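Notes for the one structure printed next.
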Amino acid sequence: QTAQTNWGELIRAAATNASLKHAYWPEIERVVAEQIRSARMGLGKGAWQLFVEDGEMKMYRREVEEDGLVVDPLKATHQVKGITGRELCHYFFYPEYRYDWEGTLETMNVIDKIAEDTILFHQIHKRIWPAAQRDATFWSHLTHVPDEENKSEDSPHLWATVNSSVELPSHPPNGGKQVRIYLTIILMGQTIISPAAKGREIKRDDITCKITYCAVVNPGGWAPSSVLRAVYKREYPKFLKRFTAYLFAVSAARPRVF
Ligand code: 6CM
């Protein structure tokens, strides 16, 4: 059954009509399916090297360069108590929360709210010396699918937000003073309910969110490899820690899990 799951079909079933009708849909479905498939895959035989470990948080990378630019794929796993997979993806997806947790951001603009589950963004990121400032244009899609390949889990829904670069005629690359970066990112979360909660009301203490975050970022133009790898080694853990701490803070105030 493993290789057979038609993630595309499941993603389509969860999508809003407005997303399904949009010209981007075929690409969204393809990229989201591919991202879910690879996020669910273990580290396997790939040459993943652990480069950060902090409690439950583990970060792996593969060293890859394209045309002399570092494009190291990143795969991170984490576990956080007290939040759901849905909350994880909700706060990552909706723009109104982004400035609260995204530390690399200079500005974020919503270019088009295509649907409740698909948004187009233009972001300018903080400049990192000695490289030029970067910007990105991407669609973001929020979805949830049953975990077809792991039906024994208590709460089998997988929640995911996928961000993927797209060319926007209104925001041509390298038009301003920024260098355009290209990204494909998935944040995926699954809620695990403690067996001790069986048969009674589930409290926040009974849940754990299993998190997988995968990112491939092409810096788009000159950036010294060693500096870039050092930046990633600092920024990815900072992001995941800051984001999950933020989630914990905003969710603790909510009595019910949504
Ligand atoms: O996934 C993350 N954030 C999302 C929402 O903002 C979105 C953003 C991705 C952009 C990630 C790239 C930012 C770093 C830019 C530096 C470029 C190189 C400069 C050259 C240095 C020598 O998917 C969290 C992103 C966490 C970033 C580490």
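The numbers here are math on the coordinates, done by the rules we state, and not lab data. Since this is a predicted model, take the numbers as computed values, not measurements. FYI the Cβ positions are ideal-geometry reconstructions off the backbone, even for glycines, and counts take in every protein chain you see.
Assorted remarks:
- Sequentially through the range 95-101, phi angles give Karplus couplings (6.51, -1.76, 1.60; θ = phi - 60°) of x, 5, 9, 4, 5, 5, 10 Hz, Gly and Pro residues having no value and appearing as x.
- From the C-alpha gyration tensor of the range 1-108, square roots of 5λ in Å: 26, 21, 18
- Values of log10 I(q)/I(0) for the range 145-257 across q = 0.11, 0.13, 0.15 Å⁻¹ run -0.57, -0.73, -0.88, by the Debye formula with one identical scatterer at each alpha carbon and no solvent.
- Over the range 1-150, relative contact order from alpha-carbon pairs under 8 Å, at least 6 apart, %: 21
- Note on the range 37-182: percent of Cα-Cα distances in each 5 Å bin, starting at 0 and stopping at the bin with the largest distance, equals 2, 7, 13, 17, 20, 19, 13, 7, 2, 1, 0.
- Of the trypsin sites (Lys or Arg not before Pro) found in the range 36-90, those in coil by DSSP whose Cβ has at most 16 other Cβ atoms within 10 Å are 45, 62.
- Over the C-alpha atoms of the chain, the Rg to Rh ratio, Rh being the Kirkwood estimate, stands at 0.95.
- Within the chain: Cβ-based charge dipole about Cα centre, in debye rounded to nearest 20 (Lys, Arg +1; Asp, Glu -1): 580
- Charge dipole (the chain, unit charges on Cβ, about Cα centre) - positive-most of 245, 218, 171: 245
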